[in-house]
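Take a look at the structure set out below.
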Amino acid sequence: MMCTAAVRPGPGPRCAAPGVALCLAALLTACGAGTPEETALSTTQIEAIQDSLRAVVDEVNEAASAKDADAFMALWARTDSVVYVRSGTSFLGWDAVAENHREAFAGPGTWSFTAEETHVRVLGRDSGLATAFIRTGSTGASGESSTGWFTITMGIERRPDGWKVVYAHGSYPPPGTSPWG
């Protein structure tokens, strides 16, 4: 399967065509080794991979809460094919994802991200998907605080340097809504 997409040139993060995110998600699913049953993984192997996927989600939240762009980006595969989609904007490639997060993390105030519930699906020995409901908190530069939540789905692959995010899509609901009532 071949996937190509145009990337808008210009200053700032490279914004990929919306189809790139869908194409990468389809590729991850198609090129992953299939379901655990198809790859004959043992229960112990499946549970170990699930634990690894959840650990990546937790590490991403810890780095984001600390506004530590280096630690955050160390969790991403360093390749031009990673994709991050947020608020209708797609960032294609490690450099674009890094630039987006460095700018966000440099903003004033503090914030926190906690995965309240994480669902994982093992696609094979070296890949999986994790969807997490993230509770957020923030304090602005003038001291005002707010809370909220969002959902993030990550495609995560095992690479020579460990488990890395290759795709992430964040969905941000309207203010005042919550999966916790």
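Read-outs: derived from the displayed coordinates by stated rules, not from any lab. Just so it is clear, the structure is predicted and the values come from calculations on it, not from any experiment. Here Cβ is always computed from backbone atoms with ideal geometry, including for glycine, and neighbour counts include all displayed protein chains.
Put a dot 7 Å past the Cα of SER65, heading toward its Cβ, do the same for ALA106, and the two dots end up 2.6 nm apart.
On the basis of the beta-carbon distance and an R0 of 25 Å, ALA74 and THR43 show a calculated FRET efficiency of 0.25.
Placing R0 at 30 angstrom, the Cβ-Cβ distance between TYR172 and ASP126 gives a FRET efficiency of 0.50 after rounding to 0.05.
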